[in-house]
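In what follows, a structure is listed as structure tokens, so that the remarks can point back to it.
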Amino acid sequence: LLGEEGGTANDILKAEEDRALLQELNRVLAENPGDDGALLRRARLFMDWGYYQAAIKDLDRLVKVRQDLPEAYMLRGKALRRKIQYDDNPIYNRAIRDFNQVIRMNPGSAEAYYERGVCYALLNAWGEAVDDWDRALILNPDYYPAHLSRGLGRKKRGNIAGALDDFREVLRINPDEPDALRLLSGLGG
């Protein structure tokens with residue numbers, strides 16, 4: 001996984017730095033299992049590597065120590081959403097609960113509304129998903145992932161004009177976004 005053959009020199013160097021960081025974080029956590037900074041950093045590292053279950057384990061420990069840390073709930077919600085397989089509703093619902101907690105602590109988090117909307121979409125609750133993406137865009141009108149997702153939600157619900165508007169807005173913000181280009185051309189826009 002890290003520093004595999006074929007990687008660039010920068011990739012190999014980054015992998016070595018990540019391994020050294022992991023060793024240091026493991027040492028710190030062996031000495032002080034409740035070190036919230038080390039738990040958060042190691043969870044982020046696991047997330048970067050795609051080890052979502054390991055990240056969730058650290059984040060579970062972290063929210064027991066620091067229930068007031070929205071970033072811990074945000075990362076755990078993202079890990080839960082990414083770890084699971086489709087139709088694993090209980091874990092999507094756990095992710096939604098984490099995003100709800102972030103929204104309670106930080107109601108201005110466009111990212112939390114966006115992420116919760118993604119979970120709703122994965123549960124086929126498109127109305128709730130589109131509502132959350134609307135909220136994310138009220139908070140941050142240039143948050144193009146929410147435009148892209150809302151466009152998909154609108155398309156799914158039969159609002160082709162709204163979907164076209166969203167895909168065009170994505171391209172205004174990020175002109176080279178391949179998914180928006182593909183979706184827009186697929187709708188004849």
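The values are calculated or read from the model by the stated rules, or taken from the named source; none is laboratory data. The structure presented is a predicted model; accordingly, all values stated were derived computationally and were not measured. Heads up, the Cβs are rebuilt from the backbone with ideal geometry, glycines too, and the neighbour counts pull from every protein chain shown. Calculation scope for accessible area: heavy atoms of the full protein, side chains included, ligands and nucleic acids excluded. Shrake-Rupley method; radii C 1.70, N 1.55, O 1.52, S 1.80 Å.
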Most positive-pole-ward Cα, Ile160, Ala95, Ala112, against dipole of segment 70-189 from beta carbon charges:
Ala95
Please calculate the 1.4 Å probe accessible area of Ser185, with all protein chains present, and give it to the nearest 10 Å².
80
Spin-label point model (7 Å from Cα, Cβ direction): what's the Asn10 to Trp49 distance in nm?
2.2
Give the angle, between 0 and 90 degrees and rounded to the nearest 10, that separates the Cα long axis of helix 52-65 from the longest principal axis of the Cα atoms of the chain.
70
Which value, in Å², gives the accessible area per residue of the chain when a 1.4 Å probe is used on the protein heavy atoms?
54
Could you state the principal axis extents of the C-alpha atoms in segment 122-189, from the largest down, to the nearest angstrom?
27, 25, 19
Using +1 at the Cβ of each Lys and Arg and -1 at the Cβ of each Asp and Glu in the chain, identify which of Ser149, Asn10, Val130 lies farthest towards the dipole's positive end.
Val130
Could you calculate the contour length gain from Asp165 to Val65, that is, 0.36 nm times the residue separation minus the distance between their Cα atoms, to one decimal place in nm?
31.6 nm
Within segment 48-82, find all residues whose amide N lies under 15 Å from a label point positioned 7 Å from the Cα of Ile91 along Cα-to-beta-carbon.
50-60, 76-82
³J(HN,Hα), Karplus 6.51/-1.76/1.60, whole Hz, each residue of segment 90-97, x for Gly, Pro
x, 6, 4, 5, 5, 4, 4, 4
At a probe radius of 1.4 Å, what is the per-residue accessible area of Tyr113, in Å² to the nearest 10?
30
Name the shape class, rounded, prolate or oblate, that the alpha-carbon gyration tensor gives for segment 77-155, where a ≥ b ≥ c are the square roots of its eigenvalues, rounded holds for a/c under 1.5, and otherwise prolate holds if a/b is larger than b/c and oblate otherwise.
oblate
Keeping every protein chain in place, order Lys155, Lys57 by accessible area at 1.4 Å, biggest value first, i.e. largest first.
Lys57, Lys155
Would you compute, for the Cα atoms of segment 40-81, the largest minus smallest coordinate along each principal axis and list the three values in descending order, in whole Å?
26, 17, 13
Order Asp18, Asp36 by their accessible area, 1.4 angstrom probe, all chains in place, largest first.
Asp36, Asp18
